[in-house]
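What follows is a set of notes on a single structure, which appears directly below.
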Amino acid sequence: MRIIVGITGASGAVYGVALLRALKDLGHEVHCTVSEYGWKVLDLECSMGEKDIRPLVKALYPVEDISAPIASGSFQTDVMCVAPCSMRTLGAISGGIAGNLLCRAADVMLKERKNLVLVVRETPFSPIHLENMLKLSRIGVGIVPASPGFYHNPKNLDDLVAIMTSRILDSMGIGNNLFRRWNGI
């Protein structure tokens with residue numbers, strides 16, 4: 001599959017990194033863009049920068065480059081995921097404001113009626129956040145709150161990230177075995 005991944009400045013950069021690693025391991029073609037604050041949070045939370053992200057993707061585009069291939073519907077992609085997705089980016093996507101490449105790529109996914117998944121990261125949600133999520137959900141956008149489950153008895157942070165990454169991949173329609181799935185009690 002040809003996949004777009006966007007990383008914003010919301011806390012939870014580890015989810016974006018884990019998603020990129022999983023997609024690479026699964027053999028998908030990944031095109032990525034990172035917001036200005038996404039880079040800052042990647043550095044703060046993961047001690048990672050462009051030199052660490054570039055090997056995980058086929059192409060890494062500057063968020064200001066509105067002429068990048070992923071800004072056009074003629075560039076065929078299967079799915080896009082924004083992980084993590086800040087409330088600012090959620091609001092821009094919900095309002096159809098394509099002020100940077102990340103939001104433009106999401107806008108293209110919507111107009112082309114392609115799968116778009118937003119891994120929202122905020123707590124608590126304000127009524128505006130909830131309304132934006134509901135608006136997008138009603139038109140088919142996958143809303144995946146970064147809320148890991150505990151039924152698989154996680155032993156460490158990597159286990160918590162794995163369940164979320166698995167759920168993100170599930171929402172993108174990508175099979176995976178990143179954690180032990182629920183089989184009942």
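The values are calculated or read from the model by the stated rules, or taken from the named source; none is laboratory data. Please read all numbers here as calculations on a predicted model, not as lab measurements. Quick reminder, even Gly has a Cβ in these numbers, built from the backbone with ideal geometry, and neighbours come from all protein chains shown.
Scan the stretch 160-178 residue by residue and report those that are touching a strand residue (DSSP E or B) at 6+ places or on another chain (Cβ under 7 Å) and either over 14 Å from Met80 (Cα atoms) or of a type in the set (A, V, I, L, M) (or both). Break it down into steps so the answer makes sense when it comes.
Applying the first criterion (touching a strand residue (DSSP E or B) at 6+ places or on another chain (Cβ under 7 Å)) to the stretch 160-178 yields 168, 171-173.
Hits for the stretch 160-178 are Ile168, Met172.
Is at least one residue of the stretch 7-16 without any contact (Cβ under 8 Å) to a residue 40 or more places away in the chain, closer than 24 Å to Asp159 by Cβ and surrounded by 14 or more Cβ atoms within 10 Å (Cβ to Cβ)? The answer is no, given that none of the residues of the stretch 7-16 is without any contact (Cβ under 8 Å) to a residue 40 or more places away in the chain, closer than 24 Å to Asp159 by Cβ and surrounded by 14 or more Cβ atoms within 10 Å (Cβ to Cβ). In the stretch 95-106, the count of residues that are closer than 20 Å to Ser147 by Cβ and either in contact with a Pro (Cβ under 7 Å, 6 or more places away or on another chain) or crowded, with 23+ Cβ neighbours inside 10 Å (or both) is zero.
Across the stretch 74-94, what is the number of residues that are surrounded by 14 or more Cβ atoms within 10 Å (Cβ to Cβ) and either closer than 23 Å to Cys46 by Cα or out of contact with any strand residue (DSSP E or B) (no Cβ under 9 Å at 6 or more places or on another chain) (or both)?
Here is the first cut: in the stretch 74-94, the residues surrounded by 14 or more Cβ atoms within 10 Å (Cβ to Cβ) are 75, 77-94.
The next check asks that each one be either closer than 23 Å to Cys46 by Cα or out of contact with any strand residue (DSSP E or B) (no Cβ under 9 Å at 6 or more places or on another chain) (or both); those that pass are 80-92, 94.
Residues meeting the conditions: 14.
You will find that of Ser147, Ser137, the residue that is over 20 Å from Trp39 (Cα atoms) and either at pLDDT below 95 or in a strand (DSSP E or B) (or both) is Ser147 and no other.
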